[in-house]
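Notes for the one structure printed next.
Each value in this text was obtained by applying a stated rule to the coordinates, not by laboratory testing. Owing to the predicted nature of the structure, the values given are computational and were not obtained by experimental measurement. Every residue, glycine among them, receives a Cβ derived from its backbone with ideal geometry; neighbour counts consider all protein chains shown.
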Number of protein chains: 2
Amino acid sequence: MKRLLGIDLGGTTAKFAILTLEGEIQQKWSIKTDVTNDGKNIIPNIIESILQNLNVYGLSSNDVLGIGMGSPGAVDSKKGTVIGAYNLGWKTMQPVKDQIEAATGLPFFIDNDANVAALGERWKGAGEGEDNVIFVTLGTGVGGGVIVEGNLIHGAGAAGELGHINVDPNGYLCTCGNRGCLETVASATGVVRLALDFSKSDSEESEIKRLVDDGKEVTAKIVFDLAKQGDPLALKVVDQFSIYLGVACANMASILNPESIVIGGGVSAAGEILRENVEKYFLQYAFPPVKTSTKLKLAQLGNDAGVIGAAWLVKANYI
Amino acid sequence: MKRLLGIDLGGTTAKFAILTLEGEIQQKWSIKTDVTNDGKNIIPNIIESILQNLNVYGLSSNDVLGIGMGSPGAVDSKKGTVIGAYNLGWKTMQPVKDQIEAATGLPFFIDNDANVAALGERWKGAGEGEDNVIFVTLGTGVGGGVIVEGNLIHGAGAAGELGHINVDPNGYLCTCGNRGCLETVASATGVVRLALDFSKSDSEESEIKRLVDDGKEVTAKIVFDLAKQGDPLALKVVDQFSIYLGVACANMASILNPESIVIGGGVSAAGEILRENVEKYFLQYAFPPVKTSTKLKLAQLGNDAGVIGAAWLVKANYI
């Protein structure tokens, strides 16, 4: 029986998994990402690790259908190249597909990391078995992937930039240069930004205010944890965050009416308190037939979404 | 050579066209839509007109590949039924496909009218030759159609409800029951609503204000015509309209990055003044790579978009 090899390349580690054709993970391992020297060692290290581990698990290249990878940066999935992945040190064009295919003799497929996580959640996670799934990942930034009738959407190349949906034309300045992008208020740093702003203007008793006044660190996790405990300022921050994300989800749903919008990434670890608050505003602003046909769900695969989705990139080419 | 038969069914008239397989219109005609008796005569009248006109033009059913139709209401394109088309008098389920196929012996295909117009503009209009096109129609309401990799998107059934994208969570009440839908400010009635509201709060000299004070009618056409002449209040209305539509277009583009967003419908007859004002805010709020890869265009086919797109529904099933 053939296996799939999925790789989730990140700025800190590259995660690997060997999976069955049904998407069950059989083996997992990871290596550190060496971002020195403009990331020149990253691909050689990945190749070495693949060959070594196939050997360890008693597999030859005949046992593997192909290799899939999710990568940060601007990925050209047709050419198999990556450019502008600054957290890897990759400023110039990297011929990832050519390098890995030449060294392993296996077919190689690559896409943007958020797109690949979307494929993972759609294959084996919260969107399993559904044709149309939107995945929103709330991490350091906000990213996403859009799956329509089972296929990842690229449009003219940059589809799925869900973090740059505008939620407030007069809002905060975003790293992209625009004002009021979803990322400025719904990422981990965005939640903290809202908390700091609210604690300046709000006079109510609040643990967040105390932390700020004491010069202590406030994180998105602390904000959601305090909201669960009923802290009034934390609840206001969660409410404002939920209006922004709820309206953005309602708008995605009115445009595409997917069966699921799946919310993942580090911020989503807050869990049901996040989902139900976002759903409240989603239900207020989505087009009525969409309120019942599009469901808001939390991601289920955590860190495995990347390697599972990467494996799907391979499988999708053989079905 | 086989022909295509396209029908654009509306509340006032049903438009018909016979087209070549390349989408050239060879014959056009129309009949009045009889909305009396819950619209019971609509389909019999359409059937009679098809048979009569094929005869007039010396065509038998052997010369026609199939019939396509765009219809108002909630269309089930798989079953070929329509429900809730209130401007036709159709409250209950209408088995349109069954009736027309039984009477003509020709294969029949149907979709929502805005979706069909989108297909028309993508085949022979402003989006010709492009894989990914979003069509926004600004009429009495605001509708739309989303084409991804050449295919119309339905999602769970209600995709393309672009008029119900939220542009202001505290905005005007929409007929759908939500607040702040694009339709409340970018439809023909929406533009008038903005004009009336601005004329209440604005003290500047303005022809719109004079019309309102004299109890005369203000239309979207008058607002755009006065804006072209430099009327200060009309310019403010056009600016506010353009912020709403420009941000909505930017958001659609950040999600799907189509090659074109095509703006059609009666309000778009205002022309370049509308397009360039909407583009101004589109360029301010779209994700940077999207600003250059997604173009904002005016629709080109006018009233023919419907019959041409309806003919495409047939052709799409044979390519």
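The table that follows gives values for the structure above.
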{"read-out": "Exposure proxy order (Cβ contacts within 10 Å, fewest to most) of B:S203, A:S242, B:S293", "value": "B:S203, B:S293, A:S242"}
{"read-out": "Shielding by partners, peptide B:284-295 (average Cβ within 10 angstrom, other chains)", "value": "5"}
{"read-out": "Estimated vicinal HN-Hα couplings, Hz - the stretch A:287-298 in sequence order (Karplus 6.51, -1.76, 1.60; Gly, Pro = x)", "value": "4, x, x, 7, 4, 9, 8, 10, 9, 9, 10, 7"}
{"read-out": "Residue-by-residue Karplus 3J(HN,Hα) for the stretch A:212-225, coefficients 6.51, -1.76, 1.60, Hz, glycine and proline x", "value": "4, 4, 7, x, 8, 6, 10, 10, 4, 4, 4, 4, 5, 4"}
{"read-out": "Candidates B:G309, B:G180, B:G125, ranked by Gaussian network fluctuation over chain B, Cα under 10 Å, top entry", "value": "B:G180"}
{"read-out": "Antiparallel DSSP beta bridges within chain B, percent to nearest 5", "value": "60 percent"}
{"read-out": "Check: the protein assembly as shown dipole with +1 on Lys, Arg Cβ and -1 on Asp, Glu Cβ, in debye", "value": "580 debye"}
{"read-out": "Dipole magnitude of the stretch A:129-299, debye to nearest 20 (Cβ charges: Lys/Arg +1, Asp/Glu -1, about Cα centre)", "value": "100 debye"}
{"read-out": "Options B:I46, A:L245, A:A114, ranked by Cα towards positive dipole end of the protein assembly as shown, top entry (Cβ charges)", "value": "B:I46"}
{"read-out": "Label 7 Å beyond Cα on the Cβ vector: B:V56 copy-to-copy distances, nm", "value": "7.8"}
{"read-out": "Relative contact order of the stretch A:129-299, defined on C-alpha pairs under 8 angstrom at six or more residues apart (%)", "value": "23 percent"}
{"read-out": "Inter-copy label distances at A:R210 (7 Å, Cα→Cβ; nm, one decimal)", "value": "6.6"}
{"read-out": "Selection of chymotrypsin sites (Phe, Trp or Tyr not before Pro), the stretch A:53-97, meeting DSSP coil and at most 15 other Cβ within 10 Å", "value": "A:Y57"}
{"read-out": "Test item: A:145-155 mean partner chain Cβ contacts at 10 Å", "value": "5"}
{"read-out": "Inter-label distance, nm, simple model (7 Å from Cα along the C-beta direction), A:I31/A:Q52", "value": "0.6 nm"}
{"read-out": "For B:Q300, label point 7 Å along C-beta direction: distances to other copies, nm", "value": "4.7"}
{"read-out": "A:T33 long-range amide H proximity, modeled H, under 5 Å", "value": "A:T13, A:A14"}
{"read-out": "Among A:V185, A:V262, A:V96: highest mean-square fluctuation, GNM of chain A, C-alpha pairs under 10 Å", "value": "A:V96"}
{"read-out": "Inter-chain shielding of A:168-181 (mean C-beta neighbours from other protein chains, 10 Å cut-off)", "value": "3"}
{"read-out": "Sequence of A:S61, A:S77, B:S199 once ranked by neighbouring C-beta atoms within 10 Å, starting from the fewest", "value": "A:S61, A:S77, B:S199"}
{"read-out": "Per-residue ³J(HN,Hα) for the stretch A:146-155, Karplus 6.51 cos²θ - 1.76 cosθ + 1.60, θ = phi - 60°, Hz, x for Gly and Pro", "value": "10, 10, 10, 6, x, 10, 5, 9, 10, x"}
{"read-out": "Environment charge at A:K295 (Cβ cut-off 11 Å; Lys +1, Arg +1, Asp -1, Glu -1)", "value": "0"}
{"read-out": "Candidates A:A118, A:A248, A:A102, ranked by Gaussian network fluctuation over chain A, Cα under 10 Å, top entry", "value": "A:A102"}
{"read-out": "Separation between Cα centres of the stretch A:1-33 and the stretch B:222-258, rounded to whole Å", "value": "48 Å"}
{"read-out": "Sparse-neighbour loop sites [trypsin sites (Lys or Arg not before Pro); the stretch A:30-117; at most 11 other C-beta within 10 Å; DSSP]", "value": "A:K78"}
{"read-out": "Per-residue Cβ neighbour rank within 10 angstrom, fewest leading, B:C181, A:C249, A:C176", "value": "A:C176, A:C249, B:C181"}
{"read-out": "Check: chain A dipole with +1 on Lys, Arg Cβ and -1 on Asp, Glu Cβ, in debye", "value": "400 debye"}
{"read-out": "Violating pairs (Cα-Cα greater than 32 angstrom) within the set A:K32/A:K291; A:K40/A:K216; A:K28/A:K291; A:K97/A:K124; A:K291/B:K97", "value": "A:K32/A:K291; A:K40/A:K216; A:K28/A:K291"}
{"read-out": "Kirkwood Rh, Cα atoms: Rg over Rh of the stretch B:130-299", "value": "0.99"}
{"read-out": "Cβ-Cβ FRET estimate between A:K78 and B:R210, R0 fixed at 45 Å, reported to 0.05", "value": "0.15"}
